[in-house]
Amino acid sequence: MSLFTTIETTLTDQFGAFGPLLVLGFLGLLMVVIAALLLLNQPEDPLKKLQRAQAPETRGKPQKERLRQNNRNEQLQKFASFLEPQNAEELSAMELKLRQAGYNSKDAVRIFHFAQMSLGLAGLALGLFYVYVLNAGFEFDTQALMIRIIGPGGAGYMLPKYWVTRRIAERKEQIEAGFPDSLDMMLVCVEAGQSLDQSIVRVASELQASYPQLAYEFDIVAHEMKAGKDKEKVLRDMGTRCGVQDISSFVTVMIQSAAFGTSIAEALRVYAAEMRDKRVMRAEEAANKLPVKMTLATMMLTVPPLLIILVGPSIKNITNMGNMGTH
């Protein structure tokens, strides 16, 4: 019992008379959030899936449309009207943005909006806790109150969007870094007698360790080609998913090479050489930016101490002379 008494005394000293209740409430809220996450990740009951497949409103739909709705989170399906845009164009744009970030799940849009809503509410709760519990005896004006309550909520709401934007930038950098090497490997495979489809499969397996994001995109292309999808459509979808200008240009080169009947190996050789030159130019550009960045850092870190060392004694002497003059 001494342990519980010590904990209660500590919480009372830190948070006041309601400290133990606040901690219990926070632990209860944390358990509710964990339980909600476990329920959302719970697999769908096979019996419910069979009943939904045999339902009258589902039975009349085409097989393709029914397959499109399968393997989706049943818990999120209940809140679909709140967790995804109702406009088809906005929904497609959001799905494309999440695919470019590497999130290819069917529920990616709903999970994204659910994360925005949850983090926004959590930020508001933290703001209220800070204002009315931790600083209960302090009077805030209206502006300060709004900043301390709405600020954390807005930051939590914008955090998923910032995360996705950063993921897109990092993924594009990884794809751009590995694309010239993939073209060289593809050229070797094509010149060795393999077709474009076989070379894409081989390149995807070889790039798995060094550039997994690019290997994943080539894997999607290989599987879609094996499934019988039109090659031109598959390549254009890859360019759209990646969002990288180099891959979009590569897709155009491959489509034009197939349309005009020119050699794929020759087109790959020319484009691979251009990509290698472009990578060297990017490295030179980054190297040329480095002196400017180092100059700014050097000025910020060295000029203020230097001014203090040079001007400080003079200011001290002038101050002393002024004090002597007043006496």
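The values are calculated or read from the model by the stated rules, or taken from the named source; none is laboratory data. All values reported here derive from a predicted model rather than from experimental measurement. All Cβ positions, glycine included, derive from the backbone under ideal geometry; neighbour counts span all protein chains shown. The area values use the complete protein model at the heavy-atom level, side chains included, leaving out ligands, DNA and RNA. Shrake-Rupley method; radii C 1.70, N 1.55, O 1.52, S 1.80 Å.
The largest-to-smallest principal axis extents of the Cα set in region 182-327 are 98, 27, 25 Å. Net length available on complete extension from Ser248 to Thr295 is 13.2 nm, with 0.36 nm assigned per residue and the Cα-Cα distance removed. For Tyr162 and Ala125, the FRET efficiency from 1/(1 + (r/R0)^6), where r spans their Cβ atoms and R0 equals 22 Å, is about 0.60. Panel note: the C-alpha atoms of region 88-151, placed on their principal axes, show extents of 49, 18, 17 Å (largest first).
For the pair region 122-165 / region 305-325, the C-alpha centres are spaced 45 Å from each other.
By accessible area, using a 1.4 Å probe on protein heavy atoms only, region 156-232 has 54% of its surface on carbon and sulfur. Here the mean projected area of the convex hull built on the C-alpha positions of region 78-230 is 13.6 nm². Three principal axis extents of region 239-318 based on alpha-carbon atoms, in descending order, are 85, 24, 11 Å. Taken per residue, the accessible surface of region 166-271 reaches 49 Å², heavy atoms only and a 1.4 Å probe. Within region 138-239, the GluC sites (Glu not before Pro) that combine a DSSP coil assignment with at most 16 other C-beta atoms in a 10 angstrom radius are Glu139.
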